[in-house]
Amino acid sequence: MPDATGLELIAHELRDADGDSVLGTEFAHGRAALIAEPRLVHGVLERLKARGYGFLASLHGCDYYPEEPRLGVLYELLDMHEVDRISVKARVDTGAPHIPSVVDLWPGANHPEREVYDMFGVVFDGHPDLRRILMPEDYEGFPQRRDFPIGGEPVLFTYNEENSYGKWQ
Amino acid sequence: MSATSDYRRREESITLSSETIGQGETHELLTLNIGPHHPATHGVLRLLVTLEGEIVRDVQPIIGYVHTGIEKTCEDKAYWKVIPCVERMDYLSYYFNAMAFCGAVETLLEIEVPPRGQYLRVIHLELNRIMSHLVWLGTSALDLGAMSMFWYCFRERETILDLFEMSSGQRMHTRYIQVGGVMEDIPSGFVEKLAAFVKDMPHRADQYAALLEQNEIVLQRLRNVCPLDEQTLLGLGVTGPLLRAAGNPWDLRKAQPYSSYDHFEFKIPVGTVGDNYDRFRVRHAELYESTRIIDQALEGLPEGPHITPDRKVALPPRHELATSMEALIHHFKLVTEGFRVPEGEAYYPIESPRGELGCFVRADGSAKPARVHMRDPSFVNLQATAPMVKDAYIADLIATLAMLDPILGGIDR
């Protein structure tokens, strides 16, 4: 992990390259995080990749309900030579949950991005095949959002398939 | 038109008949559906394979058949009740799931695990790694037609499960690793039994090698089959034995030691070309290395408490409940509400038998996590299937899938 100073230096560098790209930094429990502007997150990740953080260890979503903007997409980057980790956070609104896809930088982001789309409804612009991955293709709603209730869903049979899904409201 | 019928229409439009795209009988593409309940897919994995004759032109893995929403369930449970839930994700490496989750929570709580607890964790993690590799070896050999390997591997696995039962009372999903340490100290007789196993295991691994290494069929099915180079694997996010088989010695136990792994001397087996044979050899060599780690951990097992003395996190010992009011209050608090974790986020990566297993936990200050996510290595590694088997024979697809070692419980969560 870069220390708190190292993180600020990285944030400065990224701001020099693109003024609005980094909104802030967080450093807690030895974890360094950059808060990125969602529209410009692709450029931030590209620069971090060129800087040595060449391995996308994880990409996942998180719902910050009731904070706004609610949905967060987290990128855990890893520098395998310096053995250093940094995470990048981008928060988007539930109203227009759009964020650029990073599949062109890391082909391995394909499945994780589909999972975040499936679970949180974040749309990754430029993703080659953005479909649901774990839930059924015709599922309605985004189950990992905090306002999505747990349980109580009827079992799907042929006779009730027409009025089964999406009837929790 | 409703979404359901739209989906039905698309499903019905998939034709499984052959489609001629060129001249003659040799130029046709066949879409073949494998799974989701096919013994060679190692779980409920569905593959849509496009074949040209015997040759695989494209593979699309379709997953989600065992998605049970464990991550969602975890958000509704107190931290210590999450442990049995996450253990059921990757059902062959339950100690690793628990370890990743507990590690993340310990990071947020900023508590230290006592040395004995760390060593006991290492012993059980490495036993689990051997167990997981044995299941992989047995079932993979079965896919290649070597029936007897299955019985030999499961014989040793049985010994390990007996050891798990001794230390925790359960054979699978043991809930042994707790936040702050481990559930209980090892019982009497455990050390002797484990020492006998450690002595026996390298000899058994030699026997597996003798059965497979000189087997012409196995060698033909594995050597130079479906290699994938290191850079492609890194781009796809592949870690673990698959990456090491391609020659990259990346192992979190060495690179970012956790739970006292830096106290032990062990090697990281690597391959050279990254074909199926290297994948097999790397995992087989890890059986020896894990045994060595267990041997050293057993030798240097420190005395002391097995779990943190912090009563706000760990349950007080049973005997204190009868005499100490304070202990009774803490016990009651922990069992009813659980402990609260200060606000924050943590990502805790460990080296599971399949690669980097990272647990992301977001705490909102209450007694339940606001988000638990497992970066499961099988989920990411599965993406390497298509580039690996492209333009290979369909029989090699089965062998490669076996060498990939995906666990569908971990993929779907």
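The values are calculated or read from the model by the stated rules, or taken from the named source; none is laboratory data. On a predicted model such as this, the values are computed, not experimentally measured, just so you know. All Cβ positions, even for glycine, are placed from backbone atoms using ideal geometry, and neighbour counts span all protein chains on display.
Structural remarks
- Of all residue pairs spaced 6 or more apart or on separate chains, those with beta-carbon atoms under 8 Å, a first member in the range B:253-268 that is free of Cβ contacts under 8 Å to residues at least 40 places away in the same chain and a second member that is assigned to a loop (DSSP other than H, G, I, E, B) and not small (Gly, Ala, Ser) are B:254/B:268; B:255/A:80; B:255/A:83; B:268/B:249; B:268/B:251.
- For the range B:239-276, a residue qualifies if it is buried (at least 24 other Cβ atoms within 10 Å of the Cβ) and touching a strand residue (DSSP E or B) at 6+ places or on another chain (Cβ under 6 Å), and the qualifying residues are B:239, B:240, B:251.
- Any helices (runs of 4 or more DSSP H) falling wholly within the range B:308-413 and containing at least 3 residues that are more than 22 Å from residue A:78 (Cβ to Cβ) and either touching a Phe, Trp or Tyr at 6+ places or on another chain (Cβ under 6 Å) or within 14 Å of chain A (Cβ to nearest Cβ) (or both): B:385-389, B:408-412
- Selection status of residue B:289, within 28 Å of residue B:141 (Cβ to Cβ), part of a helix (DSSP H, G or I) and out of contact with any His (no Cβ under 9 Å at 6 or more places or on another chain): yes
- In the range A:1-16, residue nearest to residue A:85 (Cα to Cα) [restricted to those that are modelled with pLDDT under 80 and touching a helix residue (DSSP H, G or I) at 6+ places or on another chain (Cβ under 9 Å)]: A:1
Residue-by-condition table, conditions (1) loosely packed, with under 11 Cβ neighbours inside 10 Å; (2) within 20 Å of the chain's Cα centre (by Cα); (3) within 14 Å of another protein chain (Cβ to nearest Cβ); (4) modelled with pLDDT of 85 or more:
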{"residue": "B:8", "(1), (2), (3), (4)": "no, no, yes, no"}
{"residue": "B:13", "(1), (2), (3), (4)": "yes, no, yes, no"}
{"residue": "B:20", "(1), (2), (3), (4)": "yes, no, no, no"}
{"residue": "B:23", "(1), (2), (3), (4)": "yes, no, no, no"}
{"residue": "B:33", "(1), (2), (3), (4)": "no, no, no, yes"}
{"residue": "B:50", "(1), (2), (3), (4)": "no, no, no, yes"}
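- Qualifying positions in the range B:55-79 - outside any loop (DSSP other than H, G, I, E, B), within 13 Å of chain A (Cβ to nearest Cβ) and β-branched (Val, Ile, Thr): B:62, B:70, B:73
- Residues located in the range B:40-54, provided they are assigned to a loop (DSSP other than H, G, I, E, B) and either touching a residue at least 40 places away in the same chain (Cβ under 8 Å) or touching a His at 6+ places or on another chain (Cβ under 8 Å) (or both): B:42, B:43, B:44, B:45, B:54
- Matching residues, the range B:97-141, being closer than 19 Å to residue B:360 by Cα, in a helix (DSSP H, G or I) and of a type in the set (Asp, Glu): B:106
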